[in-house]
Amino acid sequence: MSQRRELQYADPIRNPKRSPEYVRDRRGWWLLLCSALMPGSVQSVLGASRKFTRTALCITLGTWVLVLAAIIVGLFNRSFFLTIGTDPILLVLALVVVLAAGINWIVCLLDTMRRVRVVSLSKKTRPKFLAVGLAAVLLVGLGTAWGGVTVDAQRSLMSQLFASGKMKKPVDGRYNVALLGSDAGKGREGIRPDSLTVVSMDAKTGKSVVVGIPRNTQNVPFPNSSPLKKHFPQGYNCGDACLINAVYQEAEKHADEYKGDVPAGVQGTVEALKGVTGLEIQFYAMIDLKGFQKLIDAMGGIRLNSEVRVPISRPINPATGKHYPPKEWIEPGKNIKMDGRTALWYGRSREFATDYERMVRQRCVQEAMLRQMDPATLMTRFTKLAAAAPDVVSTDVPQRQADDFINLGMKAKSQKMLSVELTPPHVTPSHPDFTVTKQLVKDGIEKSKKEDEQAAPGLFGPAPAHASEKKPKPSSICSVPK
């Protein structure tokens with residue numbers, strides 16, 4: 001009898017047949033926990049084939065080492081994760097690691113459940129053990145699938161969105177990016193940038209100055225290097241038809257004179273923006289405002305505070321040349337939830353408002369997107385955002401420099417952006433003084449360097465003597481909830 005007891009308790013892990021039910025139950029739970037935390041460990045203890053055990057443990061230990069190393073490096077260098085997330089080769093490696101670790105985890109869990117032998121457990125424990133084991137397999141499987149899809153979506157996004165050109169250095173310590181809002185759509189011929197903005201970012205701190213240029217600015221000058229300079233030596237000065245948003249199509253007419261992969265229309269528009277702001281613009285990003293609607297829907301909408309009532313316009317009445325009376329309005333209020341359609345109309349609606357009020361509303365929509373694109377939104381909606389982005393944004397920012405710009409964007413998000421609007425009463429779009437526009441931009445950048453939190457009043461100089469166009473309403477017509 002004493003010999004039987006010695007055999008009974010000799011090895012409850014490897015040979016639990018003679019152990020009491022409570023011992024077998026505890027054994028099952030411990031083995032399942034060990035397999036969940038360290039796939040391959042149970043197989044090494046229970047004597048699985050050496051090849052299987054070695055492979056499982058190598059994958060597990062290698063994964064843990066990579067994860068811990070990434071965490072440690074990331075704690076000291078935040079841009080490390082940005083590098084991983086923007087490098088196609090590293091993303092492929094990450095995809096391989098995610099899939100290998102997940103498959104290894106699932107196989108080891110299932111093998112552990114097989115080796116525990118559910119029938120050897122007590123009747124009370126069997127259903128619980130099966131439920132927990134299968135739940136762990138399902139959780140790991142879903143996590144692996146989500147991780148694989150997310151990494152692959154990021155890889156696809158980086159290859160589709162960013163260019164393959166050479167890296168560019170900052171000018172005077174700043175990166176200047178032209179943001180163009182394209183209004184190409186049904187019933188319109190070609191692309192006409194409906195929104196023109198230049199963002200000037202400090203290359204170290206990310207502190208930004210946002211320069212808004214009215215789409216109806218006339219007589220814009222072109223740099224000497226521009227192919228349009230020889231066609232318009234005195235500037236784009238052919239009257240009311242020659243607005244800055246028409247430069248795109250003008251440059252397309254002379255596409256054979258432009259080089260590179262960037263559309264001639266974009267290059268010509270960027271040259272015009274250089275002439276207006278005096279800034280050396282290194283990159284551009286063009287947003288399709290129709291696709292912009294899909295992007296906002298993908299992020300779950302945005303929230304705004306609005307002090308104005310904005311119409312959702314109906315088609316134009318051919319008899320009068322004016323829009324039919326609106327049937328829908330975006331009512332003023334605090335913390336208004338807007339989907340893509342509503343946000344697009346809020347930023348683009350022209351009725352009962354000046355172009356300058358519209359510029360302010362567009363800026364509010366842009367800021368809301370930046371502020372509300374938080375980690376939780378990215379984690380839960382990343383695949384939708386990644387799928388929508390290539391149809392919305394085109395840019396010549398090189399892929400090798402993408403992590404630098406994403407890092408700057410994160411820094412900019414945490415700081416107040418200074419806005420310089422080249423609008424009346426400081427600038428008259430129909431008769432602009434480009435000496436004044438360049439000085440306003442220069443003053444804005446200087447103030448941005450000096451002021452950490454907010455711009456002091458009186459940023460703009462005195463209005464030119466010919467500033468006779470209607471003065472826009474205060475920029476407080478909308479804001480982003482804190």
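General observations
- Residue match in the range 279-298 (condition: under 23 Å from A343 (Cβ atoms) and either exposed (fewer than 15 other Cβ atoms within 10 Å of the Cβ) or among the acidic types (D, E) (or both)): yes
Each row is one residue, and each column tells you yes or no for (1) surrounded by fewer than 16 Cβ atoms within 10 Å (Cβ to Cβ); (2) modelled with pLDDT of 90 or more; (3) in contact with a His (Cβ under 6 Å, 6 or more places away or on another chain).
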position	(1), (2), (3)
S35	no, yes, no
S41	no, yes, no
G47	yes, no, no
F52	yes, yes, no
I59	no, yes, no
W64	yes, yes, no
I71	yes, no, no
L75	yes, no, no
R78	yes, no, no
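- Residue-level check: of (1) over 21 Å from R350 (Cα atoms); (2) of a type outside the set (A, V, I, L, M, F, W, C); (3) open to solvent by 40 Å² or more (accessible area, probe 1.4 Å), H254 misses just (3).
- In the range 409-437, residue surrounded by the fewest Cβ atoms within 10 Å (Cβ to Cβ) [restricted to those that are touching a Leu at 6+ places or on another chain (Cβ under 7 Å) and either closer than 15 Å to D355 by Cβ or free of Cβ contacts under 8 Å to residues at least 24 places away in the same chain (or both)]: H426
- Test set (1) over 24 Å from G165 (Cα atoms); (2) under 33 Å from the mean Cα position of the chain (by Cα) - K230 fails condition number: (2)
- Test: residue in the range 330-341 that is in contact with a Cys (Cβ under 6 Å, 6 or more places away or on another chain), touching a residue at least 12 places away in the same chain (Cβ under 8 Å), closer than 28 Å to M410 by Cα and surrounded by 13 or more Cβ atoms within 10 Å (Cβ to Cβ): no
- Remark: K128 falls outside the filter, which requires a residue to be of a type outside the set (D, E), surrounded by fewer than 18 Cβ atoms within 10 Å (Cβ to Cβ) and over 20 Å from L37 (Cβ atoms).
Every residue, every condition in (1) over 18 Å from L289 (Cα atoms); (2) free of Cβ contacts under 8 Å to residues at least 40 places away in the same chain; (3) open to solvent by 40 Å² or more (accessible area, probe 1.4 Å), yes or no:
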{"position": "K204", "(1), (2), (3)": "yes, yes, yes"}
{"position": "I213", "(1), (2), (3)": "no, no, no"}
{"position": "P221", "(1), (2), (3)": "yes, no, no"}
{"position": "L228", "(1), (2), (3)": "yes, no, no"}
{"position": "G239", "(1), (2), (3)": "yes, yes, no"}
{"position": "V247", "(1), (2), (3)": "yes, yes, no"}
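- Residue among T112, T86 that alone is hydroxyl-bearing (S, T, Y) and within 30 Å of R400 (Cα to Cα): T86
- Some residue of the range 301-320 being closer than 30 Å to K166 by Cβ and either open to solvent by 30 Å² or more (accessible area, probe 1.4 Å) or under 29 Å from the mean Cα position of the chain (by Cα) (or both): no
- With respect to being within 29 Å of V220 (Cβ to Cβ) and β-branched (V, I, T), T342 falls outside the description.
- Which listed residue, of S195, S164, is of a type in the set (S, T, Y), at pLDDT below 90 and open to solvent by 80 Å² or more (accessible area, probe 1.4 Å): S164
- Out of L95, L110, L121, sole residue that is open to solvent by less than 70 Å² (accessible area, probe 1.4 Å) and within 24 Å of W30 (Cβ to Cβ): L121
- Subset of the range 102-117 (residues that are closer than 15 Å to N15 by Cα and in contact (Cβ under 8 Å) with a residue 60 or more places away in the chain): T112, R115, V116
- Test for L31: is it among the hydrophobic types (A, V, I, L, M, F, W, C) and over 39 Å from the mean Cα position of the chain (by Cα): yes
- Any hit, the range 261-277, residues being touching a residue at least 60 places away in the same chain (Cβ under 8 Å), in a loop (DSSP other than H, G, I, E, B) and exposed (fewer than 14 other Cβ atoms within 10 Å of the Cβ): yes
The values are calculated or read from the model by the stated rules, or taken from the named source; none is laboratory data. Bear in mind that the values here come from a model prediction, so they are computed numbers and not experimental data. For neighbour counting, all protein chains shown are included, and Cβ atoms are generated from backbone atoms with ideal geometry for every residue, glycine included. Quick note on the areas: whole protein, heavy atoms, side chains included, nothing else; ligands and nucleic acids left out. Shrake-Rupley method; radii C 1.70, N 1.55, O 1.52, S 1.80 Å.
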